[in-house]
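Asker: Structure provided below as structure tokens; questions to follow.
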Amino acid sequence: MHVRAPELRGRGWLNTGGQELSLADFRGRFLLLDFWAFCCINCLHVLDELRPLEEKYGDALVIVGVHSPKFAHEGEEAAVRAAVERYGVGHPVLDDPELITWQNYTARAWPTLVLVDPNGYIVAQYSGEGHAHALDALLAELVAEHEAAGTLTRGKSPYVAPVAESTDLRFPAKVVALDNGLLVADAGNHSIVELAADATTVVRRIGTGQRGFADGAAEEASFSEPNGLVVLPTDVADRLGYDVVVADTVNHALRGISLADGQVRTLVGTGKQWMDGDSTDVLSSPWDVAWWGEKVWIAMAGVHQLWTFDPFTGVTEVAAGTTNEGLKDGPLAEAWFAQTSGLAADGERLWLADSEISALRWIDTSVHTAVGTGLFDFGLRDGKASEALLQHPLGVTVLPDGSIAIADTYNGAVRRYDPRTEVVETMATGLAEPSGAVVVGNELLVVESAAHRLTRVPLGASATADEFSTQTQRPPMDVAAGEVTLEVVFTPPPGQKLDDRYGPSTRLLVSATPDTLLREGAGDSADLVRRLVIDPHAGSGVLHVAVQAASCDDASEVEFPACHMHRQDWGVPIRVVPDGPDRVELVLSGGK
């Protein structure tokens, strides 16, 4: 029996030309609710996955983004409005800072997708990414059914495109220094911009300025939200024939640029996002790049790993991380990262801005954390690194004295960490989402992404910040102490099935923060049902659940069935209470 969809409630609506909407405004059409947060790389993947679906079903389907924030900064109306423009969201968005609609629809993860039929009933729910083909298959059936029954009323989406201000830079991401100027990854304009030394005069633009994936001359090549840049050493560039490597994020590619003539070439990547089972010729949202140890290191934000690219052999390899999201130090192959978004090389260390855990980390022969405690703790606090707090930093820069400047993005600040004293202090505040920086003379030139400009901060600058500490505010799930059954629900899309011909088609990884929360049940297995034993003295904590499932075509006449990977990471806050439920159910995919 289907459940009637709750009303849509929040602070207000974006992308509607000022019109306030209610559930009744979508009656007669299919409504797909996309619960997202603009910090979340998986949510950004889903935005791209849904674009073809939105176009295909046109007047039968309306997609509505429900922005449900994880970080404090994401609860600010101006920040949500900027993110909607930054990521090219082409449908109405409900701003839900207090998670009212999130709770009413029992969402437990970013992203969550909920499909509502023309009669106002929930017919399917999905968590994570990789569900576009499942939605396509389901909609193909349901649209035909409702059209035949006369309950489908086709109509135009209430989407109204916002008017974008014209600026030379639009949501710039990173900056590097050239001999006589600067090079900026101009993510919002899908191009690379060379600026004069004054940091404002445009010398040339490499790329058409339109989202695309084409090589060629500067005026013909195209990018899709490029974020990271690294200028190669001169001797290396002379051998390779290009000078700059670009992390072309939404194209899931590395691109090479020759500064002499502006020619662009693709170094690695196909435009397709990496999924389990793919080779390392396929990337997943590379966010930044750095030259270290005679290789290009890649912050592979989309899969929470670090990769390397050897430009001389063309070989791309996983260098660190397991694809599990979280904070875990130790050997490179066993460490956990969380959407690494900034890199900076300094001798024997490679520094990292690990954004989703609000952390500053470094690697040498293993992984170490300087600042940060986990997925749900963040804030703004100076002092000893063990007590300092950041909020979703996106960039790191090595300063001349060996300290590290941190683009503390969601705090609107630049922070400094001194490895010798292990102390964090604030250099500047009041910035609009700083995302990267470069040292030029006695100044730090900071990318103010949401202000569409570069800003100068003296290297010796110091500022006093309004300190705070907090955690991601989500209602905890009550559970019983002792034995608890965890089940992840997965229903293959219409016309598909779980296929174990080449090994297990599902994988479930469970852990907890603190580790002592789970007496039994942690670890990795193929079964989507797991017996857990919860410590009765734990009080509260976070249950980390990572799952993936492969579904394949079920038709016997298909010789080579197409398979699709579905995956999601949950961080579920739980509270241990007397007589609490002894069952935890999470939905990866469930519906008709």
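Asker: For residue 370, state whether it is part of a strand (DSSP E or B), of a type in the set (Gly, Ala, Ser) and crowded, with 22+ Cβ neighbours inside 10 Å.
Answerer: Against the criterion (part of a strand (DSSP E or B), of a type in the set (Gly, Ala, Ser) and crowded, with 22+ Cβ neighbours inside 10 Å), residue 370 does not qualify.
Asker: Could you say whether any residue in segment 500-507 is touching a residue at least 60 places away in the same chain (Cβ under 8 Å) and either at negative phi or in a loop (DSSP other than H, G, I, E, B) (or both)?
Answerer: No, the conditions are met nowhere in segment 500-507.
Asker: Next question. Just give me the residues in segment 226-252 being assigned to a helix (DSSP H, G or I) and within 26 Å of the chain's Cα centre (by Cα), in sequence order.
Answerer: 249, 250, 251
Asker: When segment 96-108 is examined, which residues are found to be more than 17 Å from the chain's Cα centre (by Cα) and over 27 Å from residue 153 (Cβ atoms)?
Answerer: 97, 98, 99, 100, 102, 103, 106, 107 - these are the residues of segment 96-108 that are more than 17 Å from the chain's Cα centre (by Cα) and over 27 Å from residue 153 (Cβ atoms).
Asker: When segment 444-460 is examined, which residues are found to be closer than 17 Å to residue 396 by Cβ, more than 25 Å from the chain's Cα centre (by Cα) and either in contact (Cβ under 8 Å) with a residue 60 or more places away in the chain or surrounded by fewer than 18 Cβ atoms within 10 Å (Cβ to Cβ) (or both)?
Answerer: 445, 459, listed by residue number.
Asker: Residue 507 fails exactly one of the following numbered conditions: (1) touching a Gly at 6+ places or on another chain (Cβ under 7 Å); (2) under 30 Å from residue 358 (Cα atoms). What is the number of that condition?
Answerer: All conditions are met except number (1).
Asker: Can you pull out every residue in segment 512-553 that is crowded, with 21+ Cβ neighbours inside 10 Å and either under 25 Å from the mean Cα position of the chain (by Cα) or among the hydroxyl-bearing types (Ser, Thr, Tyr) (or both)?
Answerer: Residues satisfying the conditions are 512, 541, 542, 543, 544, 545, 546, 547, 548, 549, 550, 551.
Asker: Something else about it: Given the criterion within 20 Å of the chain's Cα centre (by Cα) and of a type outside the set (D, E, K, R), identify the matching residue among 268, 289.
Answerer: When all the criteria are applied, what remains is 289.
Asker: Another question about this same structure. Can you tell me how many residues in segment 373-388 are outside any loop (DSSP other than H, G, I, E, B) and within 21 Å of residue 301 (Cα to Cα)?
Answerer: Result for segment 373-388: 2.
Asker: Conditions first: (1) touching a Lys or Arg at 6+ places or on another chain (Cβ under 6 Å); (2) outside any loop (DSSP other than H, G, I, E, B); (3) farther than 22 Å from residue 345 by Cβ. Residue 265 passes all but one, so which condition is the exception?
Answerer: Every condition holds for residue 265 apart from (1).
Asker: Which residue is surrounded by the fewest Cβ atoms within 10 Å (Cβ to Cβ), if the candidates are limited to segment 146-182 and must be in the same structural domain as residue 209 (by TED's automatic domain parsing) and over 28 Å from residue 89 (Cβ atoms)?
Answerer: 179
Asker: Being in contact (Cβ under 8 Å) with a residue 24 or more places away in the chain and surrounded by fewer than 22 Cβ atoms within 10 Å (Cβ to Cβ) is true for just one of 332, 394. Which residue is that?
Answerer: Only one candidate passes the filter, namely 332.
Asker: Scan segment 510-527 residue by residue and report those that are of a type outside the set (Gly, Ala, Ser) and at pLDDT 90 or above.
Answerer: Selection gives 510, 516, 517, 518, 519, 520, 527.
Asker: Quick check, is residue 392 in contact with a Phe, Trp or Tyr (Cβ under 6 Å, 6 or more places away or on another chain) and either aromatic (Phe, Trp, Tyr) or on the phi > 0 side of the Ramachandran plot (or both)?
Answerer: Spelling it out, residue 392 is indeed in contact with a Phe, Trp or Tyr (Cβ under 6 Å, 6 or more places away or on another chain) and either aromatic (Phe, Trp, Tyr) or on the phi > 0 side of the Ramachandran plot (or both).
Asker: Please list, ordered by residue number, the strands (runs of 3 or more DSSP E) wholly in segment 440-493 having 3 or more residues that are modelled with pLDDT of 95 or more and under 28 Å from residue 173 (Cβ atoms).
Answerer: 443-448, 453-458
Asker: Just checking, which of 284, 279 is in a loop (DSSP other than H, G, I, E, B), over 19 Å from the mean Cα position of the chain (by Cα) and either buried (at least 16 other Cβ atoms within 10 Å of the Cβ) or of a type in the set (Ser, Thr, Tyr) (or both)?
Answerer: One residue alone meets the criteria, 279.
Asker: Residue 312 versus (1) assigned by TED's automatic domain parsing to the domain that holds residue 175; (2) touching a Leu at 6+ places or on another chain (Cβ under 9 Å); (3) buried (at least 16 other Cβ atoms within 10 Å of the Cβ): which is the lone unmet condition?
Answerer: Going through the list (1) assigned by TED's automatic domain parsing to the domain that holds residue 175; (2) touching a Leu at 6+ places or on another chain (Cβ under 9 Å); (3) buried (at least 16 other Cβ atoms within 10 Å of the Cβ), residue 312 breaks only (3).
Asker: Is there a residue in segment 109-125 that is among the hydroxyl-bearing types (Ser, Thr, Tyr), modelled with pLDDT under 95, more than 26 Å from the chain's Cα centre (by Cα) and farther than 26 Å from residue 325 by Cα?
Answerer: No, there is no match, as no residue in segment 109-125 is among the hydroxyl-bearing types (Ser, Thr, Tyr), modelled with pLDDT under 95, more than 26 Å from the chain's Cα centre (by Cα) and farther than 26 Å from residue 325 by Cα.
Asker: If you don't mind, another one. Going through 46, 3, 84, 80 one at a time, which residue ends up being touching a Leu at 6+ places or on another chain (Cβ under 6 Å) and either of a type in the set (Val, Ile, Thr) or more than 21 Å from residue 152 (Cβ to Cβ) (or both)?
Answerer: When all the criteria are applied, what remains is 84.
Asker: Only one of (1) more than 19 Å from residue 57 (Cα to Cα); (2) of a type outside the set (Phe, Trp, Tyr); (3) surrounded by fewer than 23 Cβ atoms within 10 Å (Cβ to Cβ) fails for residue 136. Which number is that?
Answerer: Checking residue 136 against (1) more than 19 Å from residue 57 (Cα to Cα); (2) of a type outside the set (Phe, Trp, Tyr); (3) surrounded by fewer than 23 Cβ atoms within 10 Å (Cβ to Cβ), the one that fails is (1).
Asker: Next question, about the same structure. Only one residue in 351, 287, 292, 336 is out of contact with any Pro (no Cβ under 6 Å at 6 or more places or on another chain) and within 27 Å of residue 89 (Cβ to Cβ). Which one?
Answerer: 287
Asker: Quick check: is even one residue across segment 172-187 polar (S, T, N, Q) and modelled with pLDDT of 95 or more?
Answerer: No.
Asker: Additional query: Give the residues of segment 319-329 that are surrounded by fewer than 17 Cβ atoms within 10 Å (Cβ to Cβ) and closer than 14 Å to residue 284 by Cα, sorted by residue number.
Answerer: Correct list: empty.
Asker: Return the only residue of 418, 408, 466 being without any contact (Cβ under 8 Å) to a residue 24 or more places away in the chain and either surrounded by 22 or more Cβ atoms within 10 Å (Cβ to Cβ) or in contact with a Ser or Thr (Cβ under 9 Å, 6 or more places away or on another chain) (or both).
Answerer: 418
Asker: Could I ask something else about it? Based on this model, can you work out whether residue 410 counts as outside any strand (DSSP E or B) and either not β-branched (Val, Ile, Thr) or not assigned by TED's automatic domain parsing to the domain that holds residue 541 (or both)?
Answerer: Taking the combined requirement at face value, the residue satisfies it.
The values are calculated or read from the model by the stated rules, or taken from the named source; none is laboratory data. For clarity, every value in this text was computed on a predicted model and none was experimentally measured. Cβ: placed from backbone, ideal geometry, glycine included. Neighbour counts: every protein chain shown.
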